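**Student:** Just passing along the structure, written as structure tokens.
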Amino acid sequence: MLYFNQSTAYPTVFFLTGIPGLETSQAWLSIPFCCLYAIAISGNGMILFVIITESSLHEPMYYFLSMLSFTDLGLCFSTLVTVLGIFWFNVREISFDACIGQMFFIHGFSFMESSVLLVMAFDRFIAICNPLRYAMILTTSRIIAVGFVIVIRGTTALVPLLLLLKRLSFCRSHVLHHSYCFYTDVMKLSCSDTKVNSAFGLTLVISYAGLDSVLILLSYVLIIHSVLSIASKEERKKAFGTCVSHLSAVAIFYIPMISVSLVHRFARHAPPFVHALIANVYLLIPPVMNPIIYSVKTKQIRKAMIKFVKTACLQCRDTEFDFVMEPEKSAAGAGVGSFLTERKVGVPGLEAYHTWISIPFCFIYATALSGNSLILFAIITQPSLHEPMYYFLSMLSTADLGLSISTLATMLGIFWFNAREISFNACLSQMFFIQLFTVMESSVLLAMAFDCHIHASVLTDLKLVAIEAAIVCRTLIQMPLAVLLKRLSYRSSHVLHHSYCFHPDVMKLSCTDTRVNSAVGLTALISTAGVDSVFIILSYVLIVRTVLSIASPEERKKAFSTCISHIGAVAVFYIPLLSLSFVHRFGKRALPYVHTLVANACLLTPSVLNPIIYRPSRYHGKELDGHFICFLLFVTLWTR
């Protein structure tokens, strides 16, 4: 490895930077970044999927939109590993060749996106100014040719630009100012003459982004001229409406690009974190916002996405665009046979803001799914983690993944598409899985408390298998709850108060005697979460008693520290669970959104926080951190 001030034709490594001045908070800063990446990848991936699979979307406009989503995915994957590698594991080193490769993909996809936006402007120009010849001009063969031209145009000129970096000498610090390799940033580290590099780079920017933006502006001048000649006010409004999504995409691409250029040239004395934030915004905002803009503003895309969600969730009876609600029964004694659908709510009183509320929920789900999956992967693939503690941690992650997936479709279906309808049988199935994974998590937390109390040698492989089997069998206690609901009759109103099916919520809609259901539900709750919490407390009483008998303060502190992660996991599971129970029993007059928020917190808080709690564990967590870093290095092929 070279020292920072060593002079060489080119350095062995560069050192990337997260957000200067906030190094101690990088683990927490990783959460919004992880969520932004998850939204960008899932959103663009879904748009690509629906365009490929829906024959009604095989039109020029949607082909160009698929190209835009492809370039956005390319931008995300080009920076994903280095950005999250810095925030999660402080992996700052990147080889010079890897840096050149990353720059090629970042700038290549940026130029491609600029070209795609220009082509989309041309598409809008033809559709509005010459609609009769639209299909004749934009044929499939021409669209394919345009796609090839975009790829060739975006990559060919970058090769000499990046090769020019190879001729430079780097005698200054090798510390870059961003969490990825940016051409201007690398060039500034050189101590040799960079006038040729600067001139060639400026020529490329002008001939790509500069020329594209001028031609896009010219296209819209012609579009506005054509639209203003339309006599009907409604037709003018409709014509302009077809351009809103594209104008938004142009704005969120060029404004951050211009901002990062201006900051690099005229704000060199600005605080370092300003440069870092603007650089991250420049690459992340377009991939995150484009799917949201096009899914909200484009009716056909929204329709195709809704159809996909309805099919995935098994909550539809046909593939119509609108969610047709089943007529409510007026008879108070409507039985299960006529109880076809229920209607769920998102956040009562904030229905108009569901699209915006979905953003933090997407962040939360992305964090939960990625965090728990990474823990599972590390434990499965690393032999050094094949120990009782990590087996129990893998069970906890499995339960958290199950809880997240059980509610993912219905919750985001409501916030994104107002898909409030769910069949009675689907509702019972969702309840079963939610309760199953909740009981499993409670049982795993008890097993982990037992693991903290006893020595690892006591837990043989055979005993671990027996414990796992007991946990799975224990979850079957929830089966009678769903069966007992089928015997009930229901009122005319089928509106639930949560964004998922919750046993007490469904039971309250019944107009028949629910005492048996209440008794069985209370018994199940006491025999699972109630008993588990008592035994967990008992385990810690014994642990505290044992630790206090240790003479050395350092040894006592070390012994207590091994339990911190588990205590945190117990707290984030039982506190929301108790809060939900109290709100349902004693907060009947509370505002509706209070019930909703507490219910969502009950299911989502453990899934999100458990991976964060266990990753930076002071004692055992170092094992996981080390294997996460090994996994990251393996993926990126950063070998020296």
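The values are calculated or read from the model by the stated rules, or taken from the named source; none is laboratory data. Keep in mind that this is a model prediction, so the values were computed, not measured. With ideal geometry, Cβ positions are generated from the backbone for all residues, glycine too; neighbour counts draw on all protein chains shown. Note: accessible area is taken over every heavy atom of the protein model, side chains too, but ligands, DNA and RNA are not part of it. Shrake-Rupley method; radii C 1.70, N 1.55, O 1.52, S 1.80 Å.
**Student:** When you look at Phe240, is it over 30 Å from the mean Cα position of the chain (by Cα), part of a helix (DSSP H, G or I) and aromatic (Phe, Trp, Tyr), yes or no?
**Tutor:** Working: over 30 Å from the mean Cα position of the chain (by Cα): yes; part of a helix (DSSP H, G or I): yes; aromatic (Phe, Trp, Tyr): yes.
For Phe240, the condition - over 30 Å from the mean Cα position of the chain (by Cα), part of a helix (DSSP H, G or I) and aromatic (Phe, Trp, Tyr) - is met.
**Student:** Please give the number of the condition Ser190 fails out of (1) open to solvent by 20 Å² or more (accessible area, probe 1.4 Å); (2) among the polar types (S, T, N, Q); (3) outside any helix (DSSP H, G or I).
**Tutor:** So the condition that Ser190 fails would be (1).
**Student:** Residues Ser55, Ser66, Ser78: which one is farther than 17 Å from Ile252 by Cβ, within 18 Å of the chain's Cα centre (by Cα) and not β-branched (Val, Ile, Thr)?
**Tutor:** On the way: Ser55 fails: within 18 Å of the chain's Cα centre (by Cα); Ser66 fails: within 18 Å of the chain's Cα centre (by Cα).
Being farther than 17 Å from Ile252 by Cβ, within 18 Å of the chain's Cα centre (by Cα) and not β-branched (Val, Ile, Thr) holds for just one of Ser55, Ser66, Ser78, which is Ser78.
**Student:** Here's a follow-up. If you go through the stretch 380-412 one residue at a time, how many are free of Cβ contacts under 8 Å to residues at least 60 places away in the same chain and touching a Leu at 6+ places or on another chain (Cβ under 6 Å)?
**Tutor:** 1
**Student:** Please go through the stretch 236-249 and give me each residue that is at pLDDT 85 or above and either on the phi > 0 side of the Ramachandran plot or open to solvent by 20 Å² or more (accessible area, probe 1.4 Å) (or both), ordered by number.
**Tutor:** Result: Leu247, Ser248.
**Student:** When residues of the stretch 262-298 are filtered for being part of a helix (DSSP H, G or I) and either among the aliphatic types (A, V, I, L, M) or crowded, with 21+ Cβ neighbours inside 10 Å (or both), how many remain? Step through it out loud before you land on a result.
**Tutor:** The initial filter retains those residues of the stretch 262-298 that are part of a helix (DSSP H, G or I), namely 262-266, 272-297.
Those still in the list that are either among the aliphatic types (A, V, I, L, M) or crowded, with 21+ Cβ neighbours inside 10 Å (or both) too: 262-263, 274-296.
Qualifying residue count, the stretch 262-298: 25.
**Student:** I'm checking my understanding of the structure. Among residues of the stretch 146-170 that are open to solvent by 50 Å² or more (accessible area, probe 1.4 Å) and outside any helix (DSSP H, G or I), which one is modelled with the highest pLDDT? Spell out how you get there, then give the answer.
**Tutor:** In the first step, residues of the stretch 146-170 are kept if they are open to solvent by 50 Å² or more (accessible area, probe 1.4 Å); the result is 148-149, 151-153, 156, 159-160, 163, 166-167.
So of that shortlist, the ones also outside any helix (DSSP H, G or I) come out as 156, 167.
Details: Thr156: 86, Arg167: 80.
Only one residue tops the list, namely Thr156.
**Student:** Next question, about the same structure. Return the residues of the stretch 423-476 that are in contact with a strand residue (DSSP E or B) (Cβ under 8 Å, 6 or more places away or on another chain) and either on the phi > 0 side of the Ramachandran plot or open to solvent by 20 Å² or more (accessible area, probe 1.4 Å) (or both); say none if nothing qualifies.
**Tutor:** Ser423
**Student:** Can you pull out the residues in the stretch 504-536 that are among the hydrophobic types (A, V, I, L, M, F, W, C), open to solvent by 30 Å² or more (accessible area, probe 1.4 Å) and assigned to a loop (DSSP other than H, G, I, E, B)?
**Tutor:** Scanning the stretch 504-536 gives a single hit, Cys511.
**Student:** Of the residues that make up the stretch 166-175, is at least one within 23 Å of Val281 (Cβ to Cβ) and within 35 Å of the chain's Cα centre (by Cα)?
**Tutor:** Taking the stretch 166-175 first, the residues within 23 Å of Val281 (Cβ to Cβ) are 175.
From the residues that got through so far, the ones that are within 35 Å of the chain's Cα centre (by Cα) too are 175.
The answer is yes; a qualifying residue exists.
**Student:** Might you check whether a residue that is closer than 30 Å to Leu393 by Cα, without any contact (Cβ under 8 Å) to a residue 24 or more places away in the chain and of a type outside the set (S, T, N, Q) occurs anywhere in the stretch 434-457? Don't jump to the end; show me each part of the working.
**Tutor:** Kept after step one, since they are closer than 30 Å to Leu393 by Cα, are these residues of the stretch 434-457: 434-457.
Still in the list and also without any contact (Cβ under 8 Å) to a residue 24 or more places away in the chain: 454-455, 457.
Adding the requirement that they be of a type outside the set (S, T, N, Q) leaves 454-455.
For the stretch 434-457, residues closer than 30 Å to Leu393 by Cα, without any contact (Cβ under 8 Å) to a residue 24 or more places away in the chain and of a type outside the set (S, T, N, Q): present.
**Student:** May I pose another question? Quick check: is even one residue across the stretch 257-271 farther than 19 Å from Phe122 by Cβ, modelled with pLDDT of 85 or more and of a type in the set (Val, Ile, Thr)?
**Tutor:** There is no residue in the stretch 257-271 that is farther than 19 Å from Phe122 by Cβ, modelled with pLDDT of 85 or more and of a type in the set (Val, Ile, Thr).
**Student:** Where residues in the stretch 47-93 are among the hydroxyl-bearing types (Ser, Thr, Tyr) and within 21 Å of Tyr282 (Cα to Cα), which of them is surrounded by the most Cβ atoms within 10 Å (Cβ to Cβ)? Step through it out loud before you land on a result.
**Tutor:** Taking the stretch 47-93 and keeping what is among the hydroxyl-bearing types (Ser, Thr, Tyr), we get 53, 55-56, 62-63, 66, 69, 71, 78-79, 82.
Add one more test, that the residue is within 21 Å of Tyr282 (Cα to Cα), and what stays is 66, 69, 71, 78-79, 82.
Working: Ser66: 21, Ser69: 24, Thr71: 28, Ser78: 23, Thr79: 25, Thr82: 24.
Residue satisfying both the conditions and the ranking: Thr71.
**Student:** How many of the residues in the stretch 193-235 are assigned to a loop (DSSP other than H, G, I, E, B) and either open to solvent by 80 Å² or more (accessible area, probe 1.4 Å) or closer than 30 Å to His107 by Cβ (or both)? Full working, then the answer.
**Tutor:** Step one: of the stretch 193-235, the residues assigned to a loop (DSSP other than H, G, I, E, B) are 193-194, 229-232.
Within this subset, residues satisfying the condition of being either open to solvent by 80 Å² or more (accessible area, probe 1.4 Å) or closer than 30 Å to His107 by Cβ (or both) are 193-194, 229, 231.
Total satisfying the criteria: 4.
**Student:** Any chance you could count how many residues in the stretch 359-396 are of a type in the set (Ser, Thr, Tyr) and more than 13 Å from Asn610 (Cβ to Cβ)? I'd like the intermediate steps shown before the answer.
**Tutor:** Of all residues in the stretch 359-396, those of a type in the set (Ser, Thr, Tyr) come to 365, 367, 370, 373, 381, 384, 390-391, 394.
Then keep just the ones that are more than 13 Å from Asn610 (Cβ to Cβ); that gives 365, 381, 384, 390-391.
So the answer is 5.
**Student:** Please go through the stretch 367-379 and give me each residue that is among the hydrophobic types (A, V, I, L, M, F, W, C) and within 27 Å of Ala40 (Cβ to Cβ), ordered by number.
**Tutor:** Of the residues in the stretch 367-379, the ones among the hydrophobic types (A, V, I, L, M, F, W, C) are 368-369, 374-379.
Result: Ala368, Leu369, Leu374, Ile375, Leu376, Phe377, Ala378.
**Student:** What pairs come out if I take residues in the stretch 539-565 that are assigned to a helix (DSSP H, G or I) and pair them with residues that are of a type in the set (Asp, Glu) and open to solvent by 40 Å² or more (accessible area, probe 1.4 Å) whose C-beta lies under 6 Å away, six or more apart or interchain?
**Tutor:** As it stands, the answer is none, since no pair meets every condition given.
**Student:** Moving on. Within the stretch 11-18, can one find any residue that is at pLDDT 85 or above, over 24 Å from the mean Cα position of the chain (by Cα) and either open to solvent by 40 Å² or more (accessible area, probe 1.4 Å) or among the aromatic types (Phe, Trp, Tyr) (or both)?
**Tutor:** yes
**Student:** Just to verify a result, which residue in the stretch 556-576, among those that are out of contact with any Phe, Trp or Tyr (no Cβ under 9 Å at 6 or more places or on another chain) and modelled with pLDDT under 80, is most open to solvent (accessible area, probe 1.4 Å)?
**Tutor:** Per the stated criteria, the residue is Lys557.
**Student:** Do we find that Ala378 is aliphatic (A, V, I, L, M), open to solvent by less than 30 Å² (accessible area, probe 1.4 Å) and farther than 24 Å from Ala601 by Cβ in this structure? Break it down into steps so the answer makes sense when it comes.
**Tutor:** Numbers: aliphatic (A, V, I, L, M): yes; open to solvent by less than 30 Å² (accessible area, probe 1.4 Å): yes; farther than 24 Å from Ala601 by Cβ: yes.
Criteria met by Ala378.
**Student:** If you don't mind, another one. Every residue in the stretch 549-582 that is closer than 15 Å to Asp532 by Cα and in contact with a Cys (Cβ under 8 Å, 6 or more places away or on another chain), please.
**Tutor:** His566, Leu577, listed by residue number.
**Student:** Inside the stretch 480-503, can you point out the residues that are under 32 Å from the mean Cα position of the chain (by Cα) and open to solvent by 30 Å² or more (accessible area, probe 1.4 Å)? Spell out the reasoning first.
**Tutor:** Residues of the stretch 480-503 that are under 32 Å from the mean Cα position of the chain (by Cα), as a first pass: 482, 494-503.
Listed by number, the residues that qualify are Val495, His497, Phe502.
**Student:** In the stretch 441-454, is there at least one residue being within 30 Å of the chain's Cα centre (by Cα), among the hydroxyl-bearing types (Ser, Thr, Tyr), at pLDDT 75 or above and closer than 30 Å to Tyr390 by Cβ?
**Tutor:** yes
**Student:** Please go through the stretch 122-140 and give me each residue that is closer than 20 Å to Leu68 by Cα and either open to solvent by 80 Å² or more (accessible area, probe 1.4 Å) or modelled with pLDDT under 85 (or both), ordered by number.
**Tutor:** Once the filter is applied, which keeps residues that are closer than 20 Å to Leu68 by Cα and either open to solvent by 80 Å² or more (accessible area, probe 1.4 Å) or modelled with pLDDT under 85 (or both), the stretch 122-140 yields Phe122, Thr140.
**Student:** Further, regarding this structure: Looking at Leu158, Leu84, which is the one that is touching a residue at least 40 places away in the same chain (Cβ under 8 Å) and within 26 Å of the chain's Cα centre (by Cα)? So that I can check it myself, show each step before the final result.
**Tutor:** Numbers: Leu158 fails: within 26 Å of the chain's Cα centre (by Cα).
Result: Leu84 is the single residue among Leu158, Leu84 that is touching a residue at least 40 places away in the same chain (Cβ under 8 Å) and within 26 Å of the chain's Cα centre (by Cα).
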